[in-house]
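Notes follow the structure.
The values are calculated or read from the model by the stated rules, or taken from the named source; none is laboratory data. Predicted model only: the values in this text are computed from it and were never measured. Ideal geometry is used to build each Cβ from the backbone, glycine not excepted, and the neighbour counts take in all protein chains shown. Calculation scope for accessible area: heavy atoms of the full protein, side chains included, ligands and nucleic acids excluded. Shrake-Rupley method; radii C 1.70, N 1.55, O 1.52, S 1.80 Å.
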Amino acid sequence: MLPKTITFLASLIALTSAASVREPSCNNGYWTPFFDRDNPSGDYDYEALSAIQNENPGKVCASPIGVDARLLNGNHYSTSGEIVSVNPNLGLICKNEDQEDRKCEDYKVRFCCPKEIVEPECNNGYWTPFFDRDNPSGGYDYESLSDIQKENPGKVCAKPTGVDARLLNGDHYSVGGDVVSVGPSIGLICKNSDQSDKKCEDYKVRFCCPKEPIFQCPYNAWTAWFDRDNPSGTGDHEVLSVLQQENPGKICPSPSAIDAQLLNGDSYTNGGDVLSISPSNGLVCLNSGQSDKKCNDYKVRFCCFGESTCRKEDWTPWFDRDNPSGYYDWEGLASIQQENPGRVCSNPTAVDAQLINGNPYTDGGDDVVIGPTHGLTCKNDDQKDKRCNDYKVRFCCSKVSEPPACKEEHWTQWFDRDNPSGQADYEALSNLQVENPGKICAVPSAVEAQLLNGDPHTSGGDVVTVGATIGLLCFNKLQPDGKCNDYKVRFCCEPEEPVCPDNAWTDWFDRDDPSGGYDYEALADLQKENPGKICPSPSAIDAQLTNGTPYTDGGDILTISPTVGLICKNSDQPDKKCNDYKVRFCCFGESTCPKEHWTPWFDRDNPGGYYDWEGLAAIQQDNPGKVCSNPTAVDAQLTSGAPYTDGNDDVVIGPTHGLTCKNDDQDDKRCNDYQVRFCCSEETPSCPNNAWTQWFDRDNPSGKYDYEALFVLQQENPGKICSSPSAVHAQLTTGAPYTDGGDNVILSAQGGLICENAAQDDKECEDYKVRFCCAGDNQPVCRKEDWTPWFDSDSPTRSNGLSDKETLYALRKLYPEEICSNPSAFDAQTVAGVPYTNAGDALSVGPTLGLICTGSHQSDRACNDYKVRFCCEGEETGGVNDEQVAEDLAAEGLGLIDTIKDDVLPPKQESSVVIEDHLI
């Protein structure tokens, strides 16, 4: 029984609500008719969705998005005051025993269904069948284009122009309400962890393909591609008869189909040429028949299903190892090889089957499994009469061995790790990978084997096992003469184009160069040095040379993976030097922003006007100091807290923009209300030309301070920090942003960093390090036309103590007509282009001195190699001002006179120059 207060409230609701019923919204959908399938004469009024769908086939969609329940008189169901269950997936159920008077009212319901799916357009193309290759029982529902193409060869074009994604029941994929990635170059990818209920719906997809010839070839029995001609003469002639003559045994006598492409892999129809093409003739394109008098270059292949390309002498004998008296007739390749050692090659290129009486196997009318790497299997239970015929098979074992298809630059070196002096010649991939770390990829796509003299391995006549994931195995005991030949192998390591959904790549990173022993672009180091910019577990890695070409063009032996990064060791290379690489990582589905770097949520606007405008610039202006100038990521939600994608609105979103939703762009002309937040990872201060010094950590907080003061660092590191830095950059010694320390610090370009223990809440500072920007400081002032060329007359070698001396006096002796006697300014760089102020060496420099770097004065006992130039403002070249040189040297307080006098001073000045004998 209901309490009297609840009964009273229900009656009050009924009185106040009966007057009118507000028409409920059915956004982006339509209402069905009302249904009243039941009355409460039994135990229920049962207006359930499932029952209504069963009784009214086709009148209610599979997954309604709303429900409208009423009494039979049209009043809202709530006016009855009864206890009922109502929702779009259920309908309405009222149970008599739950009511105060033990009797339900009589109800009716209708449902809001998504608008019927409008058949998407596939202009000038055709739709493939739907594919459902995955379900969300794992981490994803992964209906990706690449996997579907791989698993359904020939059924999906290389570059679809559109995609149609749906739930398995046929509803549009958006009805599922999941966060998904959809596109013609992707397919559909749904990640369980991205969903509010942690479970994706099950989807299917189809693709729009450009209209092009669809070549049918059962069992994918295509030949290799052939390109025998190019259009440099009268045309491109890929004629069948000529191709058969030039490639004996590789094309059957009467192909059933032909396929043609441009050399770049596009369909031949994209060439737009007038040509002749047929399986009986091949392809012929005449230059004279084209509007521009020039054909494209084509390649062709032929379908040889049902016809053997095997030469007569390459067939094995017939084998009949089984009969169908049991469950099968099992003429399997592996069993035949085991029972007939040495009589069937490891990788036959074709199989032929017959009934025992010699008739073609197809005359048996059985359902069989047949293939060159399988043999023939017939299962009794699969047949209509539950009994197979008896079969025999033979295999094609070509005596001619050609290298597998692989670009030359993708082959490894040759390996010969074993010889047959023991029980075998064992050139196994697993052993070779262990013994040659980094020199063979994890999963080679092909292997080539030869005798040591370079002949094909087939010419050895041995029974061997060869495979891309095996290598080569030859056992002495299996050979007729009891002894294997000695073999060598190499592997094809073709780079795979990394796949990254939604192009979710990080920036490119180049943290190292091969000037040491490695080029070390390791993930762990990059994550540490770039906090918040790389997700914890990237799904893919992409690498290039620093000039932007694919990393494979470098030809180096290296280790590369998304969990390791890229490591190239100089000593592994033939020329003992790696190229310089950069890498990026795929962070699809993972936020690269540490939790502590997110701002609060901002909701500055609502869609009551023309927009919901959550723009970065406006939020920064409305909330000074709360959002960094250059966020690295943005996150958005509905104000209810649901993912922004649940709004199903067309929005513009990005970390440098924020979020904008325009009402007019939406189907119902109204945006949802959104809120945004931004990722503010550490911002490195601006420093032109990246002219940062090295990092300095001169102190720790064991006393009263962590004291990284500029003037002390300049005193302790002479020549390594410019006099007036334009910026300072501070971090914890762990590499984390200094702001992560949470300390009250004093930080400025002219002061450095000072942290006082007593000023902190816990009375202890973190340990910090600093670096300074020296761009523009001590930069010489000189008109462009007054600079001399760059000069580099010396370099640090062991014979000169790893010093470098680029002095004005010595250079003027070498270039008397190019350098004036009294330059007004001086400039120096390393030969790599690094300003001398950033190179980290202790130097003596000046416009009338040049540059002197003494190896023994450096922390690593070696100088960089420098080049210098001088500013000659309107002065003619002439003799050296020796007195000025002497004054500059004395002022610089250079080290031992004997180390410089021969290179700096003319002979007549040696006795008159007094230089204090001490190190810089």
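Taking the listed residues 698, 670, the one that is assigned to a loop (DSSP other than H, G, I, E, B), in contact with a Phe, Trp or Tyr (Cβ under 9 Å, 6 or more places away or on another chain), surrounded by fewer than 21 Cβ atoms within 10 Å (Cβ to Cβ) and not hydrophobic (A, V, I, L, M, F, W, C) is 698, with no other qualifying. Of all the residues in region 815-827, those that are surrounded by fewer than 23 Cβ atoms within 10 Å (Cβ to Cβ), of a type in the set (A, V, I, L, M, F, W, C) and modelled with pLDDT of 85 or more number 1.
Based on what the data block shows, is residue 302 under 19 Å from residue 370 (Cα atoms) and either buried (at least 17 other Cβ atoms within 10 Å of the Cβ) or among the hydrophobic types (A, V, I, L, M, F, W, C) (or both)? The answer is no for residue 302. Residues that are open to solvent by less than 80 Å² (accessible area, probe 1.4 Å) and basic (Lys, Arg) within region 22-71 comprise just one, 70.
Being open to solvent by 50 Å² or more (accessible area, probe 1.4 Å) and either modelled with pLDDT of 75 or more or under 38 Å from the mean Cα position of the chain (by Cα) (or both) is true of residue 264.
Residues in region 653-667 that are open to solvent by 30 Å² or more (accessible area, probe 1.4 Å) and under 16 Å from residue 619 (Cα atoms): 4 in all.
Residue 201 - would you say it is modelled with pLDDT under 85, among the charged types (D, E, K, R), more than 22 Å from residue 498 (Cα to Cα) and open to solvent by 40 Å² or more (accessible area, probe 1.4 Å)? Give the steps one after another, and end with the answer.
Values: modelled with pLDDT under 85: no; among the charged types (D, E, K, R): yes; more than 22 Å from residue 498 (Cα to Cα): yes; open to solvent by 40 Å² or more (accessible area, probe 1.4 Å): yes.
When the stated conditions are applied, residue 201 does not pass them.
Considered as a group, the residues in region 426-439 that are open to solvent by 20 Å² or more (accessible area, probe 1.4 Å) and within 12 Å of residue 490 (Cβ to Cβ) include one that is farthest from the chain's Cα centre (by Cα), and that residue is 436.
If only residues of region 393-411 that are modelled with pLDDT of 85 or more and out of contact with any helix residue (DSSP H, G or I) (no Cβ under 9 Å at 6 or more places or on another chain) are counted, the one that is nearest to residue 450 (Cα to Cα) is 411.
Here region 474-492 is the region considered, the condition is being open to solvent by less than 30 Å² (accessible area, probe 1.4 Å) and at pLDDT below 90, and the residue that is farthest from residue 587 (Cα to Cα) is 479.
Please go through region 799-814 and give me each residue that is assigned to a loop (DSSP other than H, G, I, E, B) and either among the β-branched types (Val, Ile, Thr) or modelled with pLDDT of 90 or more (or both), ordered by number. If you could, list the steps in order and put the result at the bottom.
Here is the first cut: in region 799-814, the ones assigned to a loop (DSSP other than H, G, I, E, B) are 801-803.
Residues satisfying the conditions are 802, 803.
Those strands (runs of 3 or more DSSP E) of region 714-769 that lie entirely within it include none in which at least 3 residues are more than 20 Å from residue 685 (Cβ to Cβ) and in contact with a strand residue (DSSP E or B) (Cβ under 7 Å, 6 or more places away or on another chain). Among the residues examined, residue 359 qualifies as without any contact (Cβ under 8 Å) to a residue 24 or more places away in the chain and open to solvent by 40 Å² or more (accessible area, probe 1.4 Å). Looking across region 519-530, the residues that are surrounded by fewer than 19 Cβ atoms within 10 Å (Cβ to Cβ) and either in contact with a strand residue (DSSP E or B) (Cβ under 9 Å, 6 or more places away or on another chain) or on the phi > 0 side of the Ramachandran plot (or both) come down to 522, 524, 525, 529, 530. Does residue 274 meet the test of being among the hydrophobic types (A, V, I, L, M, F, W, C), free of Cβ contacts under 8 Å to residues at least 60 places away in the same chain, open to solvent by 80 Å² or more (accessible area, probe 1.4 Å) and not in a helix (DSSP H, G or I)? Taking the combined requirement at face value, the residue satisfies it. Restricting 103, 95, 115 to those that are open to solvent by 80 Å² or more (accessible area, probe 1.4 Å) and either free of Cβ contacts under 8 Å to residues at least 60 places away in the same chain or closer than 27 Å to residue 646 by Cα (or both) reduces the list to 115. Output yes when any residue across region 641-650 is within 30 Å of residue 197 (Cβ to Cβ), outside any loop (DSSP other than H, G, I, E, B) and among the hydroxyl-bearing types (Ser, Thr, Tyr), and no when none is. Looking through region 641-650, at least one residue is within 30 Å of residue 197 (Cβ to Cβ), outside any loop (DSSP other than H, G, I, E, B) and among the hydroxyl-bearing types (Ser, Thr, Tyr). Screening residue 781 on (1) open to solvent by less than 40 Å² (accessible area, probe 1.4 Å); (2) out of contact with any Ser or Thr (no Cβ under 6 Å at 6 or more places or on another chain); (3) modelled with pLDDT under 80 shows it passes everything except condition (1). Taking region 105-210 as the region of interest, the strands (runs of 3 or more DSSP E) fully inside it that hold 2 or more residues being over 30 Å from residue 72 (Cα atoms) are 125-127, 140-144, 162-167, 180-183, 187-191, 203-210.
Of all the residues in region 816-845, those that are of a type outside the set (Phe, Trp, Tyr) and closer than 15 Å to residue 788 by Cα number 13. Under the condition of being open to solvent by 20 Å² or more (accessible area, probe 1.4 Å) and in contact with a Cys (Cβ under 7 Å, 6 or more places away or on another chain), the residues counted in region 531-553 number 1.
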